[in-house]
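> Mind having a look at this structure? Questions to follow.
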Amino acid sequence: MKRILITGALGQLGSELALALRQRYGNDSVILSDIREGINRDLVEGGPFELIDCRSYEQVARCITNYRIDTIYHLAALLSAKAEEDPMYSWDVNMNGLLVMLEAARLHRCALFVPSSIGSFGPETPKQYTPQDTIQRPTSIYGITKSAGELLCDYYHHRYDVDTRGIRFPGIISNLTPPGGGTTDYAVEIFYAAVNQGHYVCPLSGDTFLDMVYMPDAVRAAVEIMEADPSTFRHRNAFNITAMSFCPEDLAAYIRTYIPDFEITYHIDPVRQRIADSWPNCLEDYAARVEWGWHHDYSLEEMTYDMIITIQERTRRGTL
Ligand code: AKB
């Protein structure tokens with residue numbers, strides 16, 4: 001029987017991945033953990049939940065032993081804009097947390113999923129159709145932890161045969177748990193603002209292109225890469241994936257198909273803008289498609305429609 005531990009399980013990706021994994025493997029087989037209990041009682045009470053600081057080897061090892069964990073999704077990390085507020089703390093959480101999980105995976109023979117990001121690239125990276133293997137040299141502290149993390153995960157695989165696997169996620173668009181502190185957060189906030197206020201003040205300039213993926217595709221990717229037969233892998237840490245690339249102006253135009261009076265204005269956040277300008281405009285994700293069958297189901301049109309009707313429906317029901 002599979003036994004899975006998720007760190008950062010109450011975050012944007014964790015909370016939806018947790019639901020998908022519980023549905024697939026059973027509630028008792030998926031152990032959620034986070035540094036605090038948060039507000040989502042359904043998640044915390046729907047199956048095993050542990051308060052864990054991922055930087056504590058003792059806490060992590062105790063949980064792995066108690067629940068006989070064989071697979072870890074290590075999602076606990078600070079996102080790009082938030083990380084700039086306190087680079088040393090961000091390094092501590094993102095790198096020392098990762099090192100603890102790698103050691104725990106090595107000593108307890110667990111498979112380990114670690115998300116990387118388009119943030120692992122930098123201004124010298126080719127911006128259009130960014131290849132899987134290319135120059136990285138990120139300039140944000142988040143990106144530095146992500147590219148160092150990719151190397152460390154590959155190191156543990158080659159040196160100790162730990163089954164590490166990872167994905168370079170673009171911005172993830174979702175409507176269950178809001179993201180916190182990312183550069184791509186605007187692409188989630190804009191939908192809530194469009195439905196509820198008809199107006200959004202965007203922190204990135206209208207022509208800033210970034211890759212994005214809709215949450216159902218992101219969750220499926222995280223499940224499928226861990227279930228894939230690794231004999232077809234040429235890469236491990238981490239695979240480019242993408243589903244769409246757009247700028248705020250494009251997204252606003254798509255939203256206007258459903259909310260014609262929607263208005264977008266701009267108040268640039270220099271921290272987020274600098275980060276976004278250092279990231280690719282659009283990735284090439286051929287390796288993920290060939291090596292483990294990645295594909296996306298949601299295009300920009302389909303995602304926009306689904307976000308708007310879901311948020312409208314939840315606003316009507318008062319469950320937002
Ligand atoms: C962020 O904006 O920091 C994240 C990411 C792309 O890694 N959403």
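The values are calculated or read from the model by the stated rules, or taken from the named source; none is laboratory data. As the structure is a prediction and not an experimental result, all values here were calculated from the model. Here Cβ is always computed from backbone atoms with ideal geometry, including for glycine, and neighbour counts include all displayed protein chains.
> Which ranges mark the helices (runs of 4 or more DSSP H) fully within the range 209-320 that have 2 or more residues being among the acidic types (Asp, Glu) and modelled with pLDDT of 95 or more?
215-227, 248-256, 300-317
> Before we move on, is Asp133 of a type in the set (D, E, K, R), within 12 Å of the ligand (Cβ to nearest atom) and not in a strand (DSSP E or B)? Full working, then the answer.
Details: of a type in the set (D, E, K, R): yes; within 12 Å of the ligand (Cβ to nearest atom): no; not in a strand (DSSP E or B): yes.
It is false that Asp133 is of a type in the set (D, E, K, R), within 12 Å of the ligand (Cβ to nearest atom) and not in a strand (DSSP E or B).
> Which of the residues that make up the range 199-236 are over 22 Å from Leu300 (Cα atoms) and buried (at least 23 other Cβ atoms within 10 Å of the Cβ)?
Ile225
> From the list Glu50, Glu45, which one is outside the structural domain of Ile268 (by TED's automatic domain parsing), modelled with pLDDT under 95 and more than 16 Å from the ligand (Cβ to nearest atom)? Step through it out loud before you land on a result.
On the way: Glu50 fails: modelled with pLDDT under 95.
Among Glu50, Glu45, only Glu45 is outside the structural domain of Ile268 (by TED's automatic domain parsing), modelled with pLDDT under 95 and more than 16 Å from the ligand (Cβ to nearest atom).
> Does the range 185-199 include one or more residues that are in a loop (DSSP other than H, G, I, E, B) and touching an Asp or Glu at 6+ places or on another chain (Cβ under 9 Å)?
yes
> So which residues in the range 154-183 are away from the ligand (no atom under 16 Å from the Cβ) and either touching a residue at least 12 places away in the same chain (Cβ under 8 Å) or assigned to a helix (DSSP H, G or I) (or both), if there are any at all?
Asp154, Tyr155, Tyr156, His157, His158, Arg159, Tyr160, Val162, Asp163, Thr164, Arg165
> Exactly one condition in (1) surrounded by 23 or more Cβ atoms within 10 Å (Cβ to Cβ); (2) more than 16 Å from the ligand (Cβ to nearest atom) is not met by Ser80; state its number.
Ser80 satisfies every listed condition except (2).
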